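Everything below concerns the one structure shown next.
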Amino acid sequence: MNPFYPGYYTENELRDFGFKSVGQNVQIAKNCTIVGLENIAIGDNVRIDAYCSILAHKEGWVTLGSFIHIGGYCLLSAGDGIRMDDFSGLSQGVHLYSRTDDYTGKFLTNPTVPKQYTGIMGGTVTLGRHAIIGSGSVILPKVTIGEGSSVGALSLVTKSLDPWGVYFGSPVKKLKNRSKRLLKLEAELMAELEKPANRLPISLSAIG
């Protein structure tokens, strides 16, 4: 046993913990912090790496599609909901916020203050199919990352992004269109998985 590698829970273990739903071939690192298990639904072929925090307690919720990778040290603060569609992903250290305090000074801030004294703003964060977010980026509430769009590392996203773009910066700006070749590769992958000999869940080691 390697004391420096805590390993991953598998879907069989995860289903006993009280998640809303857990698909096939799901792995979550044992040193993650997850609150609100009953509000979290997970599809097939999903891996969540070490030191991630997912906060979906009370009215919060998280829905993860299939073929999703969430890199280490990510934060999903899901008070108003976070949805990640199939083949979307987060690189290391990405922070998704579906709620935020008011920073103008007109209200008190932080969760120790009663709600009536704060100016919390919120809205669901959505990542479309094949959307990918680079390391250290921050996504604020009420943002939808359009299908097929990519956001470069250390970007700040304060408004929704159109599909199939390459974006970068703080605040983020569109650099160019993103190739749709990956749709052809998706079709090839799904056709391969439909073959009788390949109907068992795909290994996540090929996705990482």
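General remarks:
- Selected from Leu183, Leu156, Leu140 as most flexible by GNM, with the chain as the system and alpha-carbon contacts under 10 Å: Leu183
- The length gained on full extension between Tyr103 and Ala41, counted as 0.36 nm times the residue separation minus their Cα-Cα distance, comes to 19.1 nm.
- Tensor-based shape of region 55-107 (alpha-carbon gyration tensor, a/c under 1.5 rounded, otherwise prolate or oblate): prolate
- A full extension of the chain between Glu59 and Arg15 corresponds to an added length of 13.7 nm, given 0.36 nm per residue minus the alpha carbon distance.
- Top of Val35, Val94, Val113 by mean-square fluctuation, Gaussian network on the chain, Cα under 10 Å: Val113
- Note that region 118-124 has calculated 3J(HN,Hα) couplings of 10, x, 4, 10, x, x, 4 Hz, one per residue in order, obtained from phi through the Karplus relation 6.51 cos²θ - 1.76 cosθ + 1.60 (θ = phi - 60°); glycine and proline are x.
- Hits among lysines - C-alpha to C-alpha of Lys195 under 19 Å, sequence gap 8 or more where chains match: Lys184
- Annotation: region 107-147 has a Kirkwood hydrodynamic radius of 12.4 angstrom, from the mean reciprocal C-alpha pair distance.
- ³J(HN,Hα) computed for each position of region 84-91 - Karplus, 6.51 cos²θ - 1.76 cosθ + 1.60, integer Hz, glycine/proline x: 10, 7, 3, 6, 7, x, 10, 7
- Helix-only [θ]222 nm of the chain, DSSP H runs n ≥ 4, -39500 (n - 2.57) each, per residue, nearest 500: -2500 deg cm²/dmol
- Label-reachable residues, region 1-20, where backbone N falls under 11 Å from a point 7 Å from Asn31's Cα toward its Cβ: 3-7
- Counting only Cβ charges, +1 for Lys and Arg and -1 for Asp and Glu, the dipole size of region 8-206 around its Cα centre is about 620 debye.
- For region 19-96: rounded, prolate or oblate by the Cα gyration tensor [a/c cutoff 1.5]: rounded
- FRET efficiency for Lys184 and Tyr51, using Cβ-Cβ distance with R0 set to 45 Å, rounded to 0.05: 0.80
- In degrees, nearest ten, helix 181-194 long axis to first principal axis of the chain (Cα): 50 degrees
- Placed amide H near Ile54: partners under 5 Å, 5+ positions off or other chain: Thr33, Ile34, Val35, Leu76
- Residues considered: Gly119, Gly148, Gly165. Largest GNM mean-square fluctuation over the chain, using C-alpha springs under 10 Å, is found at Gly119.
- Charge tally in the Cβ shell below 11 Å around Asn25, where Lys, Arg are +1 and Asp, Glu are -1, Asn25 excluded: -1
- Net charge in the neighbourhood of Tyr167 (other residues with Cβ under 10 Å of its Cβ; Lys, Arg +1, Asp, Glu -1) is +3.
- Of the trypsin sites (Lys or Arg not before Pro) found in region 72-108, those that fall in a DSSP loop while having at most 12 other beta-carbon atoms within 10 Å are Lys106.
- Convex hull per residue volume in Å³, alpha carbons only, for region 8-206: 112 Å³
FYI, it's all coordinate maths here, none of it is from the lab. This structure is a prediction, so every number in the text was calculated from the model and none was measured. Cβ coordinates were reconstructed from backbone atoms using ideal geometry, including for glycine residues, and neighbour counts include every protein chain displayed.
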